[in-house]
Amino acid sequence: MKILIAEDSDTSRLMLKEVLQDLGHTVLVAKDGNEAWEIFQKEDVPLVISDWVMPSLTGLELCYLIRATNRPRYVYFILLTALEGKSNYMEAMEAGVDDFIHKPFDTDQLRARLNVAERIISLQVQVKQLEGILPTCSVCKKIRDKNNQWVPIESYIHQHTEADFSHSYCPDCFKAAMKELEKFRK
């Protein structure tokens with residue numbers, strides 16, 4: 001799995017990178033929240049592990065930015081922190097953090113948290129696939145939306161994705177259309 005880490009401590013960053021690579025992950029490394037945000041905007045990253053306290057852009061601020069992107073695929077966010085206490089925990093959960101690892105991190109605990117993250121990410125993919133099953137009229141090809149309204153497929157796709165349609169004939173439909181035209185010419 002591709003993992004983005006944001007950690008301002010050189011030692012912690014290097015240790016975390018090595019452990020993640022040893023566990024078989026592809027690791028993208030950022031020395032602070034700003035660099036992590038730049039990388040995140042360019043890369044498809046399903047998991048972010050970030051230090052909470054960093055200069056310029058904190059782990060919580062990075063989490064807020066990531067949650068605001070509304071990517072089609074869910075991004076699992078683990079906060080690496082030395083901070084403790086219920087108020088910190090609640091603040092992080094409200095920011096959209098999925099899990100915590102306390103500093104200094106324990107390799108076995110990290111491995112367990114990654115296993116949970118992989119399961120949740122996998123379930124998210126399955127849910128997205130199931131959401132992708134659209135009730136479609138077999139005659140007119142309209143799609144029933146979440147408001148139980150039948151809308152043209154082009155409108156539905158345009159509203160829910162960045163895709164647009166260009167229309168053309170497939171070879172079979174072109175032949176059928178030409179046969180129909182021939183009937184009128186005679």
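With angles folded into 0 to 90 degrees, how steeply does helix 86-95 sit against the dominant principal axis of the chain? Use alpha carbons for both and round to 10.
So the helix axis and the longest Cα principal axis differ by about 30 degrees.
Dipole magnitude of the chain about its Cα centre, charges +1 at Lys/Arg Cβ and -1 at Asp/Glu Cβ only, in debye to the nearest 20?
Numbers: 23 positive and 28 negative charges, 302 e Å.
In total the dipole reaches around 1440 debye.
For segment 1-69 and segment 82-130, compute the distance between their C-alpha centroids and round to whole Å.
13 Å
Spin-label point model (7 Å from Cα, Cβ direction): what's the Ser166 to Lys86 distance in nm?
6.0 nm
Calculate the dipole size of segment 25-99 relative to its Cα centre from +1 charges on Lys and Arg beta carbons and -1 charges on Asp and Glu beta carbons; express the result in debye to the nearest 20. The partial results should precede the final answer.
Details: 6 positive and 12 negative charges, 40 e Å.
Dipole size: approximately 200 debye.
Rank-order 159-171, 41-53 by packing density, defined as the average count of other C-beta atoms within 10 Å over each peptide's residues, highest first.
On the way: 159-171: 8.4, 41-53: 18.8.
Put in order of decreasing packing, that is 41-53, 159-171.
Can you tell me the FRET efficiency between Arg144 and Leu65 if r is taken as the Cβ-Cβ distance and R0 is 35 Å, rounded to the nearest 0.05?
Numbers: r = 35 Å, r/R0 = 0.99.
Approximately 0.50, to the nearest 0.05.
Could you give the length gained by full extension between Lys2 and Asp106, i.e. 0.36 nm per residue of separation minus their alpha carbon distance, to one decimal place? Write down the numbers at each step before the final one.
Details: separation 104, 0.36 × 104 = 37.44 nm, distance 2.03 nm.
Gain in length upon complete extension: 35.4 nm.
Which FRET efficiency, nearest 0.05, do Leu23 and Asp99 yield, Cβ-Cβ r, R0 22 Å? Could the numbers behind the result be given before it?
Details: r = 16 Å, r/R0 = 0.72.
E between Leu23 and Asp99, to the nearest 0.05, is 0.85.
Can you give me the distance in nm between label points at Gln124 and Glu182, each placed 7 Å from the Cα along the Cα-to-Cβ direction?
Each label point is offset 7 Å from its Cα along the Cβ direction, giving 5.4 nm.
Which ordering of Glu35, Glu91 is given by a fewest-first count of other beta-carbon atoms within 10 Å? Don't skip to the answer; put the middle values down first.
On the way: Glu35 18, Glu91 14.
Placing the least packed residue first, the sequence is Glu91, Glu35.
Hey, what did the chain get for relative contact order, percent, Cα under 8 Å, at least 6 apart?
Details: 220 pairs, mean separation 25.2, N = 186.
Relative contact order comes out at 14 percent.
Mean residue ellipticity at 222 nm from the helices of the chain, using -39,500 (n - 2.57) per DSSP H segment of n ≥ 4 over the full residue count, to the nearest 500 deg cm²/dmol? Could you put the intermediate results ahead of the total?
Details: 7 runs with 91 residues, N = 186.
Calculated mean residue ellipticity at 222 nm is -15500 deg cm²/dmol.
No lab work stands behind these numbers, since they all come straight from the coordinates. The structure presented is a predicted model; accordingly, all values stated were derived computationally and were not measured. Cβ sites come from the backbone with ideal geometry, for glycine too, and all protein chains shown count toward neighbours.
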